[in-house]
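Below is one structure, written out as structure tokens; the observations come after it.
The values are calculated or read from the model by the stated rules, or taken from the named source; none is laboratory data. Being a predicted model, the structure only gives us computed values, none of them experimental. All Cβ positions, glycine included, derive from the backbone under ideal geometry; neighbour counts span all protein chains shown. For the accessible areas, the whole protein counts, side chains as well, though only heavy atoms, and no ligand, DNA or RNA atoms are used. Shrake-Rupley method; radii C 1.70, N 1.55, O 1.52, S 1.80 Å.
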Amino acid sequence: RQVAAGDIRGPKRTVRQAIVIGCDHYQRSEIRSLQFAVDDARDVGRAFESLGYQVTLLLNPMLNTAREALDNAARSASSSLGSLTLYFAGHGISDESGHRYLALSDLDPEDFRSNALDYDEVQSVLQRSSALQKLFIMDASFGQLGPAVPSPSQTLSEAPPRKRMDRASADPRRNKLG
């Protein structure tokens with residue numbers, strides 16, 4: 001687009017942002033630590049950076065830190081040409097109705113509805129953003145999702161361990177269809 005004399009707006013630019021959260025250590029001892037969530041988040045963050053994304057990497061964050069990063073990203077994604085991506089690796093927890101929450105390092109499993117990151121809150125933040133593309137990638141085990149939910153600490157501590165993500169799968173340059 002040509003810019004007329006005196007037009008200080010300039011051309012719109014594409015802004016690609018990624019909020020990458022990895023949480024594998026929890027302050028409460030009844031919540032089992034995970035082995036690879038932080039490493040996976042680092043790998044995913046590097047992959048997004050290699051694609052030109054502005055990455056905010058949060059490792060074992062507390063709830064308020066994650067909320068602040070999400071809100072800042074939604075506000076700063078002012079270009080309708082840009083994209084906003086959220087990646088989360090860590091524990092998830094569901095209530096008796098199946099409503100989902102993301103467990104951050106300061107989770108209290110006895111009161112998770114008020115101190116975990118609500119899935120609907122994440123969706124709302126993405127919807128508020130004016131970015132053209134919005135993506136939420138979640139790598140979380142929610143344990144039992146049936147109508148009767150075990151105690152929150154049981155849901156979090158009995159999730160089976162998973163294998164380490166292959167580094168090649170986190171590198172988009174190695175996954176081209178050809």
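Of note:
- Test: residue in region 78-87 that is touching a strand residue (DSSP E or B) at 6+ places or on another chain (Cβ under 7 Å), at pLDDT 90 or above and not hydroxyl-bearing (S, T, Y): yes
- Any hit, region 100-111, residues being touching a Ser or Thr at 6+ places or on another chain (Cβ under 8 Å), modelled with pLDDT of 90 or more, among the charged types (D, E, K, R) and open to solvent by 10 Å² or more (accessible area, probe 1.4 Å): yes
- A Cβ distance below 8 Å, combined with a sequence gap of six or more or placement on separate chains, defines the contacts here; from region 1-27, residues that are closer than 29 Å to G45 by Cβ and aromatic (F, W, Y) reach residues that are modelled with pLDDT under 90 and not in a loop (DSSP other than H, G, I, E, B) in the pairs Y26/L156.
- Of the criteria (1) closer than 15 Å to M138 by Cα; (2) buried (at least 17 other Cβ atoms within 10 Å of the Cβ), which one E121 fails: (2)
- Check on A148, part of a loop (DSSP other than H, G, I, E, B), farther than 27 Å from Q35 by Cα and modelled with pLDDT of 50 or more: no
- Just so you know, in region 31-57 the residues that are at pLDDT 90 or above and open to solvent by less than 20 Å² (accessible area, probe 1.4 Å) include one that is farthest from L102 (Cα to Cα), and it is A47.
- S97 being free of Cβ contacts under 8 Å to residues at least 12 places away in the same chain, surrounded by fewer than 19 Cβ atoms within 10 Å (Cβ to Cβ), in a loop (DSSP other than H, G, I, E, B) and small (G, A, S): yes
- Of note, L57 does not satisfy the criterion of being assigned to a strand (DSSP E or B), farther than 20 Å from L34 by Cβ and of a type in the set (A, V, I, L, M).
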